[in-house]
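One structure is given below, encoded as C-alpha cells.
The values are calculated or read from the model by the stated rules, or taken from the named source; none is laboratory data. If you're wondering where the values come from, they're calculated on a predicted model, not measured in any experiment. As a convention, Cβ positions derive from the backbone with ideal geometry for all residues, glycine included, and neighbour counts pool all protein chains shown.
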Amino acid sequence: MQGIICDRSHSKQFSRSASASARKSIIRILLIMAATLSSLQRTTAASKSLYIVRHGQAQHNPRAEAAKAAGCSMQRFFELMRDDDALDADLTQIGREQGRSSRLSSHVAKSLDLVVSSPLSRALETANLVVDGASPQCSFQKVCCEDFREINGSLLNAQRRSTQELREKFPDWDFSGIPTTDTTWSTELETYEACADRGYLGLCWLMGRSEQNILLVAHGGLLRFMMTMQPNVQMRDMRKTTKTNPLCDDRFDNCEVRRYLLDWEDSCDVKSVDDEETGSQDLSKSSARTLVLTQVDL
C-alpha cells in the first residue's frame with residue numbers, strides 16, 4: 001500500500017509540474033500573438049534597416065569565451081562564467097576598447113532614428129560607446145527594451161539593476177518601458193526556446209515602431225537563439241561576398257557590427273513547432289507572423 005500511495009503522490013507532483021509547464025507555454029504563445037497583432041496595426045513601412053551589435057567583453061567573458069573558442073562543452077562554458085560571475089557584469093577595459101573600435105561612422109550615426117539596448121549594463125555602455133561622438137545633429141532616441149536581455153536566470157550577470165540605479169548610470173536612456181525592479185530573474189535558467197521567443201517579441205516591437213533606421217545592442221546567446229531556434233524568424237543573406245565571412249546567423253563576436261534588413265515575410269507562411277512538453281505539433285503558434293532578417297553589407 002505504501003508503494004501505491006507513493007506512486008500516486010509522484011503522479012500528482014508530475015501532473016502539477018506538467019500543468020505549470022503547459023501554462024508557461026500558453027502564456028508565451030499568447031504574448032507572441034499579441035505582439036504580432038499589435039505590430040500589424042502599427043507598422044508604417046515595409047522594412048527597416050537594423051544594425052545589430054553584441055556588447056563588448058564583460059567581466060564574466062574572458063575565460064569562458066576562450067574555452068568556447070577552443071571547443072569546450074556548453075556545461076564547461078557555463079561553469080567558467082559562474083566562476084567569474086558578477087551581478088549585472090560591467091565591461092572590462094578590453095570591452096570598452098572594443099566599443100570604441102566599433103564606433104559607427106558619422107554618416108551611419110546621423111542616419112539613425114533609434115538606439116535600442118538590453119537593460120544590462122554591459123549592453124548599455126557598449127551602445128553609448130558605439131554612438132559616442134555622434135554629431136549634435138543626430139536626433140535618435142535611446143530606449144531600453146527588456147525583450148533583448150541575455151538568456152535569463154541562474155547566473156548573476158543576467159540579473160539587471162533597478163531602473164533607479166540604471167538611470168543614475170545611464171541618464172540619457174529611456175527606461176520607462178521596463179519594470180522598476182527585475183521581476184523575471186530566478187535561480188533557474190531560462191530555456192533556449194523561451195529566450196528565442198523573447199527575441200522574436202522584441203523584433204515585433206521594433207516593427208511596430210515608426211523609426212526606420214535602428215541600432216540594437218544585445219547579447220550573444222539571445223541573438224543566437226533568436227536567429228536559429230525561433231521558427232518565425234527567417235534568416236537570409238544578400239551580402240556581395242560571404243566566402244570569408246561568418247554565416248548570417250553565426251554567433252556574434254564581442255562588439256561585432258552587422259547590418260540587416262528587418263521585414264515581414266510576404267507569404268506569412270509560418271512553421272508549426274513541436275511542443276517541448278508533449279512532442280505534439282503546436283498549431284497555435286501559426287497565428288504568429290514570420291519576420292525576415294536579411295544580412296546586407298555594412
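Things to note:
- Candidates are the residues of region 52-81 that are in contact with a Leu (Cβ under 7 Å, 6 or more places away or on another chain) and charged (D, E, K, R); the one that is modelled with the highest pLDDT is Arg54.
- In this structure, Ile178 does not qualify as within 20 Å of Gly56 (Cβ to Cβ), touching a helix residue (DSSP H, G or I) at 6+ places or on another chain (Cβ under 6 Å) and part of a loop (DSSP other than H, G, I, E, B).
- Test result for Thr181, free of Cβ contacts under 8 Å to residues at least 60 places away in the same chain, over 20 Å from Phe78 (Cβ atoms) and surrounded by fewer than 18 Cβ atoms within 10 Å (Cβ to Cβ): yes
- Under the condition of being surrounded by 17 or more Cβ atoms within 10 Å (Cβ to Cβ) and part of a loop (DSSP other than H, G, I, E, B), the residues counted in region 101-121 number 8.
- Trp205 meets each of the listed conditions (1) touching a Leu at 6+ places or on another chain (Cβ under 6 Å); (2) part of a helix (DSSP H, G or I); (3) not β-branched (Val, Ile, Thr) apart from (1).
Matching residues to (1) surrounded by 15 or more Cβ atoms within 10 Å (Cβ to Cβ); (2) more than 18 Å from Glu65 (Cα to Cα):
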{"residue": "Gly221", "(1), (2)": "yes, no"}
{"residue": "Val233", "(1), (2)": "yes, yes"}
{"residue": "Thr241", "(1), (2)": "no, yes"}
{"residue": "Pro246", "(1), (2)": "no, no"}
{"residue": "Asp263", "(1), (2)": "yes, yes"}
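- Residue match in region 165-172 (condition: without any contact (Cβ under 8 Å) to a residue 60 or more places away in the chain, among the hydrophobic types (A, V, I, L, M, F, W, C), in a loop (DSSP other than H, G, I, E, B) and surrounded by fewer than 21 Cβ atoms within 10 Å (Cβ to Cβ)): yes
- Within region 43-51, not a single residue is surrounded by 14 or more Cβ atoms within 10 Å (Cβ to Cβ), modelled with pLDDT of 95 or more and out of contact with any strand residue (DSSP E or B) (no Cβ under 6 Å at 6 or more places or on another chain).
- Within region 212-266, considering residues that are among the acidic types (Asp, Glu) and in a strand (DSSP E or B), the one farthest from Arg96 (Cα to Cα): Asp263
- Of the criteria (1) over 23 Å from Tyr51 (Cα atoms); (2) under 12 Å from the mean Cα position of the chain (by Cα); (3) of a type outside the set (D, E, K, R), which one Gly199 fails: (1)
- Put simply, of Gly95, Gly71 the only residue that is touching a residue at least 12 places away in the same chain (Cβ under 8 Å) and either among the small types (Gly, Ala, Ser) or assigned to a strand (DSSP E or B) (or both) is Gly95.
- Hey, Val130 of a type in the set (Val, Ile, Thr), in contact with a strand residue (DSSP E or B) (Cβ under 8 Å, 6 or more places away or on another chain), within 23 Å of Arg96 (Cβ to Cβ) and surrounded by 21 or more Cβ atoms within 10 Å (Cβ to Cβ) or not: yes
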